[in-house]
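S.K.: The structure is given below, and queries will be raised subsequently.
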There are 2 protein chains.
Amino acid sequence: MQSSSPAGRAGRPRSAAADAAILAATRAALVDLGWSKLTLGDVATRAGVAKTTLYRRWSGKNELVVDAVAELFDELELPDRGSLAADIEGVVLQFAAILARPEARSGLMAVVAESTRDEVLRERIRTSIVERQKRLVLEGRARAQARGELPPEPDAAEAARTADLIFDMVAGAVVHRTLVSAETASGDWVRSLTRVLLWGLTSRPDEPGDG
Amino acid sequence: MQSSSPAGRAGRPRSAAADAAILAATRAALVDLGWSKLTLGDVATRAGVAKTTLYRRWSGKNELVVDAVAELFDELELPDRGSLAADIEGVVLQFAAILARPEARSGLMAVVAESTRDEVLRERIRTSIVERQKRLVLEGRARAQARGELPPEPDAAEAARTADLIFDMVAGAVVHRTLVSAETASGDWVRSLTRVLLWGLTSRPDEPGDG
DNA sequence: GGCATTACGCTACGACCCGTAGCGAAAGCG
DNA sequence: CGCTTTCGCTACGGGTCGTAGCGTAATGCC
């Protein structure tokens, strides 16, 4: 059977241009129609491909939108702005800018909602979207520890729990601010968020208000 | 025309029992089918009413699910546990318990996603769900100020901005932890979240790490 | 009690979308 | 040149949507 080509089987190869066109058409349809009114037939027409071609590559609407939205987060990276506070503010502003785009707003929340009843979809979202964001938290902390802004963590498990907490707080706050409260994540707001986070993480345990 | 009855017009009144049955059936359908596979015909059958009756009261799936999910948050209240930290932990645990229910998980995120393209729906979510949660933040702060745990705020606008920030951080963190990271908001996690928040809010501005 | 008014249950309907099957043509590989 | 796979196109049964129409049930007003 497959003798020479490593991954490419015999026969006509799939068009890479079609993949890009379909994902772009999906984002355009999300902008124009939103999640619930988006139909795969319409996406195929926008992309200039047959509906059957679309179904050969994606099993359904959920998977298609996950891939289309995931590409939006490709531009996320951790800039080196010299201090932990500035690094956090920079990446949060990037994240907020992505969530300000209508194709991200309507698409991301919808697939997350669907993922509560679809374990495979949830894993797809995790690997293609969430894990990439969480990596920024780990990189930012490592960089801050190298700078001496944060102390090294002796307990690896505790360090992982803290990173998860920070990730949920930052990403959750931005998402909630943008999609639920429907307010823009302005520079002032991001600075306030960063201030609370950093003071909360670096303050000494002076038993403030505990019984 | 309408001479005596204040709000009730002439004719057969709408069945209040039908309203309750429809909303309960909607939640049951959310548990069994999730958002995307939920159909209004199925909800009507579950509730024991005709499909036309359902359409006479709700304009569509979005509005129906908002009302069905909103009832889940009726039980939210601010317990007086003696300290600000304990109060926060209590209400966050209540919030997390609601979000642990499948009808809330699949329904809430879906309507929020739809609300990004529907201003009327967004306002409906705000008044019936979000604003009720935000009120707990304001009550909790007022109680903490009465206890002397927090200083009084001279600037009302700044106080409102801080309350909005705290609300987005708390609600966003719990939602993100529960629905995106798909981990339970355990007691340990809630205590860690509360610790970061309180230290972040009560620490003195000693310029920690700023240039 | 009779009457107007409104809600209700039921059926039926056109419109739309889904997801798939089948076909002939096109584009690669050996 | 064959073999294989993809592609575009058409067509189809099945399901849901949202509405219209009808007869019936329940209330307020006289």
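S.K.: Treating the angle as unsigned and between 0 and 90°, give the value, to the nearest 10°, between the Cα long axis of helix A:102-115 and the longest Cα principal axis of chain A.
M.R.: 90
S.K.: Here is a follow-up. Could you pull out the pairs from A:LYS51/B:LYS61; A:LYS37/B:LYS37; A:LYS61/B:LYS37; A:LYS61/A:LYS134; A:LYS37/A:LYS134 whose alpha carbons sit more than 23 Å apart here?
M.R.: Flagged as over cut-off: A:LYS51/B:LYS61; A:LYS61/A:LYS134; A:LYS37/A:LYS134.
S.K.: Follow-up. Just to be sure I understand the model, the point goes 7 Å from the Cα along the line to the Cβ. What's the resulting A:GLU139 to B:ARG191 distance in nm?
M.R.: Going by the 7 Å Cα→Cβ label model, 3.4 nm.
S.K.: With every protein chain kept in the model, how would you rank B:LYS37, A:LYS134 by accessible area, 1.4 Å probe, largest at the top?
M.R.: Output order, biggest surface exposure first: B:LYS37, A:LYS134.
S.K.: Taking the Cα centre of the protein assembly as shown as origin, work out the dipole magnitude from +1 charges on Lys and Arg Cβ and -1 charges on Asp and Glu Cβ, in debye rounded to 20.
M.R.: Result for the protein assembly as shown is approximately 2040 debye, rounded to the nearest 20.
S.K.: Also, I was wondering about something else. In degrees, nearest 10, range 0 to 90: what is the angle between the Cα axis of helix B:187-202 and the longest Cα principal axis of chain B?
M.R.: 60
S.K.: Also, quick follow-up: Evaluate peptide B:162-171: per residue, the Cβ atoms of other protein chains within 10 Å of its Cβ; return the mean as an integer.
M.R.: Average per residue, whole number: 6.
S.K.: Which listed residue (B:LEU138, B:ALA185, B:ALA171) has the Cα farthest towards the positive end of the charge dipole for segment B:99-187, taking +1 on Lys and Arg C-beta and -1 on Asp and Glu C-beta about the Cα centre?
M.R.: B:ALA185
S.K.: ³J(HN,Hα) across segment B:42-57 via Karplus (A = 6.51, B = -1.76, C = 1.60, θ = phi - 60°), whole Hz, x for Gly/Pro?
M.R.: These are the phi-based 3J(HN,Hα) values: 5, 4, 4, 4, 4, 7, x, 10, 7, 4, 5, 4, 5, 6, 6, 10 Hz.
S.K.: Taking 8 Å as the Cα distance limit and 6 or more residues as the minimum spacing, I'd like the relative contact order of segment B:1-110 as a percentage.
M.R.: Here the relative contact order equals 29 percent.
S.K.: Next question, about the same structure. If segment B:70-202 were replaced by its equivalent ellipsoid, with semi-axes equal to the square roots of 5 times the Cα gyration tensor eigenvalues, what would those be, largest first, whole Å?
M.R.: Calculated on Cα positions only, the semi-axes equal 25, 18, 13 Å.
S.K.: If we restrict to alpha carbons, what Rg and Dmax does the protein assembly as shown come to, in Å?
M.R.: Computed over the Cα atoms of the protein assembly as shown, radius of gyration and Dmax are 24.0, 89 Å.
S.K.: Which number comes out as Rg/Rh for segment A:16-58 once both Rg and the Kirkwood Rh are worked out on C-alpha atoms?
M.R.: Taking Rh as the inverse mean 1/r over Cα pairs, Rg/Rh reads 0.94.
S.K.: Which ³J(HN,Hα) values in Hz, rounded to whole numbers, follow from the phi angles of segment A:24-30 under the Karplus curve 6.51 cos²θ - 1.76 cosθ + 1.60, where θ = phi - 60° and Gly and Pro get x?
M.R.: Ordered by residue, 3J(HN,Hα) equals 5, 5, 5, 5, 5, 5, 4 Hz.
S.K.: May I ask you to derive the relative contact order of chain B, considering only C-alpha pairs under 8 Å and at least 6 residues apart, and to give it as an integer percent?
M.R.: 20
S.K.: Rounded if a/c is under 1.5, else prolate if a/b is larger than b/c, else oblate: which is segment B:1-98, with a ≥ b ≥ c the root eigenvalues of its Cα gyration tensor?
M.R.: oblate
The values are calculated or read from the model by the stated rules, or taken from the named source; none is laboratory data. This one's a predicted model, so the numbers in the text were calculated from it and none came from an experiment. Counting neighbours? That spans all protein chains shown, and the Cβs are built from the backbone with ideal geometry, glycine included. The accessibility values were calculated without ligands, DNA or RNA, using every heavy atom of the protein model including side chains. Shrake-Rupley method; radii C 1.70, N 1.55, O 1.52, S 1.80 Å.
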